[in-house]
1. Just name the residue that is surrounded by the fewest Cβ atoms within 10 Å (Cβ to Cβ) out of those in the range 32-65 that are touching a residue at least 24 places away in the same chain (Cβ under 8 Å) and outside any helix (DSSP H, G or I).
2. Name the residues in the range 40-60 that are polar (S, T, N, Q) and under 15 Å from Thr9 (Cα atoms), would you?
3. How many of the residues in the range 12-27 are out of contact with any helix residue (DSSP H, G or I) (no Cβ under 8 Å at 6 or more places or on another chain) and either at pLDDT 90 or above or surrounded by 17 or more Cβ atoms within 10 Å (Cβ to Cβ) (or both)?
4. Please go through the range 78-97 and give me each residue that is at pLDDT below 70 and of a type in the set (Ser, Thr, Tyr), ordered by number.
5. Can you name the residue in the range 115-146 that is exposed (fewer than 13 other Cβ atoms within 10 Å of the Cβ) and more than 19 Å from the chain's Cα centre (by Cα) and is also nearest to Ser87 (Cα to Cα) among such residues?
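The values are calculated or read from the model by the stated rules, or taken from the named source; none is laboratory data. None of the values given here were measured: they were computed from a predicted structure. Glycine also receives a Cβ, built like all others from the backbone with ideal geometry; neighbour counts cover every protein chain displayed.
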Amino acid sequence: MVDRRVKRTRQLLRDALMELILEKGYDAVTVQDVTDRANLGRATFYLHYRDKEDLLTTSLEEIYDDLVERMEPVSWERLLSNQQSPSKVAFEHAAENRDLYLVLLRGQGAGTLTLKIRQYLANTIQQQMQVLADDSTIPLELLSNHIAGSLVAMLSWWLENDTPHSADYMAQIFSQLVMSGVMSTLPTD
């Protein structure tokens, strides 16, 4: 179990980084900015993280871990019945954190951040979709990367266009587009 002081310090650093990213963009933020905002010393920062990218990556993983906890595991029944998809949770999460997502997905250095987000989502999707591992004609790693890339692209479009549709609607469209691809990878007999 992580000590409460360690949790508190990490939360202060994470909050400081997120606030600063929203104010001036990721590339303009320095470790000194983060420690000043968190009212902590640089030595404290380096006890917990290698650099600002490590802090950001860890923070994003914590944010996405929270997102994944909200999702139910994928099952054949859920896939075939078109029940509420995990993508709805993702669109709702993006709406709740709109400014942060916009900064991460379109700011300077966004290519690296978008790649990290896509890789994390692809790994999560691959774990969630193990139910398809034996049936898909396409390797699950490729399928999960396709789904993650599509999700990141649709989230970016949706946010950049001021969320012209509801999270529900976007999730339905995403599921329609993705499910036709997923289903086409499965044997027809």
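1. Looking at residues that are touching a residue at least 24 places away in the same chain (Cβ under 8 Å) and outside any helix (DSSP H, G or I), I get Asn39.
2. Thr44, Thr58, Ser59
3. Final tally of qualifying residues: 0.
4. Just the residues of the range 78-97 that are at pLDDT below 70, to begin with: 78-85.
Across the range 78-97, the qualifying residues are Ser81, Ser85.
5. Gln130
Here's the yes/no breakdown for (1) modelled with pLDDT of 85 or more; (2) aromatic (Phe, Trp, Tyr); (3) touching a helix residue (DSSP H, G or I) at 6+ places or on another chain (Cβ under 7 Å):
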residue: Trp76; (1), (2), (3): no, yes, yes
residue: Asp99; (1), (2), (3): no, no, yes
residue: Leu105; (1), (2), (3): no, no, yes
residue: Gly109; (1), (2), (3): no, no, yes
residue: Leu115; (1), (2), (3): no, no, no
residue: Gln130; (1), (2), (3): no, no, no
residue: Asp134; (1), (2), (3): no, no, no
residue: Thr137; (1), (2), (3): no, no, no
residue: Ser150; (1), (2), (3): yes, no, yes
